[in-house]
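The values are calculated or read from the model by the stated rules, or taken from the named source; none is laboratory data. As the structure is a computational prediction, the values presented were derived from the model and not from experiment. Ideal geometry is used to build each Cβ from the backbone, glycine not excepted, and the neighbour counts take in all protein chains shown. The accessibility values were calculated without ligands, DNA or RNA, using every heavy atom of the protein model including side chains. Shrake-Rupley method; radii C 1.70, N 1.55, O 1.52, S 1.80 Å.
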Amino acid sequence: MIMKNITPGLSEASFDPDPIRQFELWYEEHSGSFTGEKNAMALSTAEKGGRVSSRMVLMKNYDHSGFVFFTSYNSKKGRQISENPFGSLLFYWPEQKRQVRIEGRIGKVSSAISEEYFHSRPMESQYSAAASPQSSVIADKNILMEKVRQLHLLYEGRVPDRPGHWGGYMLEPDYFEFWQEGENRLHDRIIYSLTSASWVIKRLAP
Ligand SMILES: Cc1cc2nc3c(=O)[nH]c(=O)nc-3n(C[C@H](O)[C@H](O)[C@H](O)COP(=O)(O)O)c2cc1C
């Protein structure tokens, strides 16, 4: 039988020992080629009992401390995080045929960071966030529009206060998987696990 030549794909040695630097490398390649929401990621959280829920959110910052997104602390995700702080992030970058999975513990960012980000958003987005009881059932959309109108009357064109239940979360990673599509489904899967001292890199079978 003649075996087709298979290109070897990525070697472990080509991955940065620091997963955040590796993430930055892949994220910049994705950002340079993608025209949609470059920073979109799927966030999965779970109830105490284990039932899981996923949704898209926007990554607003990342560094060696973790990955930050903003939302309502009263939302479904907020309720789940308060019951069970462990979560997972998933990025899919089709142009590069890559996905990145990140797991870790989620905590709130400081109110100063939430305040700064809230007021950096367009004014109408601030009003919308202040008006919306995210993830609660509402009878119709008019209820939201009316709430926005009342807030405009209340604040008389000034910036609205940030509601106390609106703010940021940071996922502090202890696990990464960098996945790159390979030939004949021999994909590369390089994982980083955080031990007490450092990140340990291993390869998983596809
Ligand atoms: C591309 C994209 C980005 C989104 N970004 C955010 C975000 O940054 N924060 C947020 O609260 N919701 C965001 N949403 C809406 C969420 O997916 C979700 O509908 C909302 O947060 C309520 O989720 P929950 O009920 O599970 O808490 C985004 C939706 C999409 C499609």
Original post:
What are the residues in the range 75-101 that are among the basic types (Lys, Arg) and within 13 Å of the ligand (Cβ to nearest atom), if any?
Top reply: Lys76, Lys77, Arg79
Original post:
What number of residues in the range 35-74 are within 19 Å of Phe118 (Cβ to Cβ), open to solvent by 50 Å² or more (accessible area, probe 1.4 Å) and more than 10 Å from the ligand (Cβ to nearest atom)?
Top reply: 1
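Give the residue, chosen from Ile113, Ile106, Ile102, that is over 26 Å from Ile190 (Cα atoms), at pLDDT 95 or above and β-branched (Val, Ile, Thr). Explain how you work it out, then say what you get.
Working: Ile106 fails: over 26 Å from Ile190 (Cα atoms); Ile102 fails: over 26 Å from Ile190 (Cα atoms).
Every option except Ile113 fails the conditions.
Out of Pro17, Pro8, which single residue is in a loop (DSSP other than H, G, I, E, B), away from the ligand (no atom under 12 Å from the Cβ) and in contact (Cβ under 8 Å) with a residue 24 or more places away in the chain? Break it down into steps so the answer makes sense when it comes.
On the way: Pro8 fails: in contact (Cβ under 8 Å) with a residue 24 or more places away in the chain.
So the residue among Pro17, Pro8 that is in a loop (DSSP other than H, G, I, E, B), away from the ligand (no atom under 12 Å from the Cβ) and in contact (Cβ under 8 Å) with a residue 24 or more places away in the chain is Pro17.
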Original post:
Do we have Gln126 as touching a His at 6+ places or on another chain (Cβ under 8 Å) and crowded, with 19+ Cβ neighbours inside 10 Å here?
Top reply: yes
Original post:
Is it the case that the range 79-90 has a residue that's charged (D, E, K, R) and within 30 Å of Arg21 (Cα to Cα)?
Top reply: no
**OP:** Within the range 134-152, identify whether any single residue is under 22 Å from the mean Cα position of the chain (by Cα), of a type outside the set (Gly, Ala, Ser) and within 16 Å of the ligand (Cβ to nearest atom), and answer yes or no.
**Re:** yes
**OP:** Please go through the range 176-199 and pick out each residue that is closer than 28 Å to Ile81 by Cα and open to solvent by 50 Å² or more (accessible area, probe 1.4 Å).
**Re:** Leu194, Thr195, Ser196, Ala197, Ser198, Trp199
**OP:** Sort through Arg158, Arg105 and tell me the only one that's open to solvent by 70 Å² or more (accessible area, probe 1.4 Å), in contact with a strand residue (DSSP E or B) (Cβ under 8 Å, 6 or more places away or on another chain) and of a type in the set (Lys, Arg).
**Re:** Arg105
**OP:** Scan the range 76-87 residue by residue and report those that are among the polar types (S, T, N, Q) and crowded, with 19+ Cβ neighbours inside 10 Å.
**Re:** Gln80
